[in-house]
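Just below is one structure, and these are the notes that go with it.
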Amino acid sequence: MCGRESDVVPPLRKEPVGMIPPNPNQSNHLVVELAALTRDELTPRLLAFPSPTRLDFTREFLDTQTTEQLRHILLSALLCLTPK
């Protein structure tokens, strides 16, 4: 379910370390980080996204989406984990 503070999301940077879900004050920073990601960086994050409810995307489906659509999907998933 959305908004669990104990959840960890995949890093936006290349380091393999997880990050704490962003709070509302970090929204702009998150959007800027997402804008810098390439489609080759977005797809693996979506396929391995750890969340309470599994994101059920196939690589084939994600390959049909534009880079902007992939960013939107990842942003939505990250915001869903943001504590309210």
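Since every read-out is calculated from the coordinates, none of them should be taken as a lab result. Keep in mind that this is a model prediction, so the values were computed, not measured. Note that we place each Cβ from the backbone using ideal geometry, even for glycine, and neighbour counts take in every protein chain shown.
General remarks:
- Extension gain (nm, one decimal) between Thr67 and Ser27, 0.36 nm per residue minus Cα-Cα: 12.5 nm
- Label-point gap, in nm, between Phe57 and Ala36 - each point 7 angstrom along Cα→Cβ: 2.0
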